[in-house]
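The values are calculated or read from the model by the stated rules, or taken from the named source; none is laboratory data. Computed from a prediction, not measured in an experiment: that's the story for all the values here. Cβ coordinates were reconstructed from backbone atoms using ideal geometry, including for glycine residues, and neighbour counts include every protein chain displayed. Calculation scope for accessible area: heavy atoms of the full protein, side chains included, ligands and nucleic acids excluded. Shrake-Rupley method; radii C 1.70, N 1.55, O 1.52, S 1.80 Å.
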Amino acid sequence: MSATAPAGAAPTAPALPPLMERMRAQPKLPLIVGAAALVAAAAAFMLWSRAPDYKVLYTNVSDRDGGAIIASLTQMNVPYKFAEGGGAILIAGDKVPEVRLKLAAQGLPKGGGVGFELMDNQKFGTSQFAEQVNYQRGLEGELARSIESIGTVESARVHLALPKPSLFVRDQKKPSASVVLSLHRGRSIDEGQVSAIVHMISSSVPELDAKSVTVVDQRGNLLSAANAGARGLDVSQLKYAQEIEQGYIRRIEAILQPIVGASNVRAQVAADIDFSVVERTDEKYSPNQDPRNAAIRSQQSSESSQHGATPPGGVPGALSNQPPVNPSAPITAPRPPNAPGTAATPPAGASATTTATTTAPGAPSSLRKDTTTNYELDRSIRHVQQGAGAIKRLSVAVVVNNREGADGKAAARALTPPEIEQIRNLVKEAMGYSQERGDSLNVVNSAFAREGQGEETRDVPVWRDPENIELAKTIGQYLLYAALALFAWFAVLRPLLRKHLAPPAPAVAAAPAQAAASDTDDGDLSQQSARQRELERQKADLDYAHQTADSDPRLVATLIKHWMNP
């Protein structure tokens, strides 16, 4: 219901929207709305900043394991999501250890392989062939799980070739094994770990030689060969050589640092080490010794005698049948030293044979004695086994920085020849210098480059540094939030507050008589202060309101009703 203003009154202002009317009736409402909007924006920002940081739970799982893991996560009410491409399952970072332990208790992930759990559910009537196949599958799965426990190995597959046992030796065959390794991205495996895998498999399968185990990585590179031992290289030998070199370096730097300073000396050692194992056996014979003090090994003697006439002998025929001639008297004379029948002194270790023949002057009888004596031989046997790891030669290089000034500000000076010779002697004593061994030593005095000098060309640029990139992303994120907050304040909230919290415009409530009076009094009002004009304007508004209420109460009631019922 509308009402017309009385004659002589100013026209009323247009009707405002209900929300505007309510905000004009309650001046603090826009402030409350703005504060609530700011609080809501701050709460949303805090909730967004406290959003869980998702981390990788498992990567490269099979479809079967992935489905089982997702089902378990759903039962545990753990939120999850997939990485780009679905290659990994992500959950909140603070729940990763707990969830992994719970999934491990459920046997997840299984890794696509089975172990000896195949033998738990054996059916009645299973053939021997099926039992053998299940045993081989279980053994392969257990070996693969053991290999996957190595940090650099992501997954592994083991193939065993187990021949059937045979009763004939010539038909027996040795087992063999093949291993395929899938390494983590950016990881590598050294020869020591490959050797450990080979020996672990060879020790787990009966009669499996380490040379029959082949290890291959996911790129098809052969990590172990059947004749790997023929190269003569061993990781333990290389580590031993490095330990020897590092030990000499520490000894040299430790003895020179108190003289020239901790950062003013650098040393490098190259050790030539002999890893060959030498076994030597020597057998020496001593010269002949005195037979009276020599030990007798064996002695043999023989004696023969003959009495009467000499029996016939010779070649049968006319000459042998002739009668014997008349005997003649023997001439007695001393025998020479080496004459037959005289005993000779044998050398030590030789056989001595003595022959004695005696003939009586008047009787045809003879006596013969033979004696053979074997003496012990003097010899010495020495067995020497030289262990591996002997140092054949050392090559040492030492660089010493120039000596600084006394006060630290003066220019550095080079070392004098006596000082260099002193350092050389100290290094010789520390390394155990041996000229017979062929050791070499070189001591050089040179100025060291300052710290940071020349590093500008080697360092990564600032805009390519991963840490700086991550920091820039974080700063940009917070700057974006600040810009949005400022935009919301200056573009939305502040104009709204200014619009609705501004004082109302003075109503045009001047009657024709009052308008004429105001025209005559313009000169006086211009001289009054702003405060006085404001008070007069408010008084005029109140008077206009009172006059309107007295003249047309229905209009005032309708306006109030419109305010109360928007």
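Every residue in the range 251-288 that is in a loop (DSSP other than H, G, I, E, B) and either of a type in the set (Lys, Arg) or over 29 Å from GLN237 (Cα atoms) (or both), please.
GLY261, ALA262, SER263, ASN264, SER286, PRO287, ASN288, listed by residue number.
Since LYS211 meets every condition but one in (1) in contact (Cβ under 8 Å) with a residue 24 or more places away in the chain; (2) surrounded by 14 or more Cβ atoms within 10 Å (Cβ to Cβ), which condition does it not meet?
(1)
Count, please, the residues in the range 367-383 that happen to be open to solvent by 50 Å² or more (accessible area, probe 1.4 Å) and farther than 12 Å from SER301 by Cα.
9
Pull up the range 147-163, narrow it to residues that are surrounded by 17 or more Cβ atoms within 10 Å (Cβ to Cβ) and over 27 Å from the mean Cα position of the chain (by Cα), then point me to the one that is farthest from PRO206 (Cα to Cα).
Here the residue is LEU160.
Can you run down the residue pairs with Cβ atoms below 9 Å, 6 or more apart or on separate chains, where the first is in the range 22-47 and modelled with pLDDT of 70 or more and the partner is outside any helix (DSSP H, G or I)?
Listed by first residue and then by second, the contacts come to ILE32/GLN26.
So, of the residues in the range 417-438 that are in a helix (DSSP H, G or I) and of a type in the set (D, E, K, R), which turns out to be least open to solvent (accessible area, probe 1.4 Å)?
My answer is GLU419.
(1) exposed (fewer than 13 other Cβ atoms within 10 Å of the Cβ); (2) at pLDDT below 80: which one isn't true of ALA130, the others all being true?
(2)
Those residues that are surrounded by fewer than 12 Cβ atoms within 10 Å (Cβ to Cβ) and either of a type in the set (Ser, Thr, Tyr) or closer than 15 Å to ALA156 by Cβ (or both), I need them from the range 167-195; list them, please.
Of everything in the range 167-195, those that are surrounded by fewer than 12 Cβ atoms within 10 Å (Cβ to Cβ) and either of a type in the set (Ser, Thr, Tyr) or closer than 15 Å to ALA156 by Cβ (or both) turn out to be ARG187, SER188.
Taking only the range 90-105 into account, find how many residues are surrounded by 12 or more Cβ atoms within 10 Å (Cβ to Cβ), out of contact with any Asp or Glu (no Cβ under 6 Å at 6 or more places or on another chain) and more than 18 Å from GLU148 (Cβ to Cβ).
Of the residues in that region, 8 qualify.
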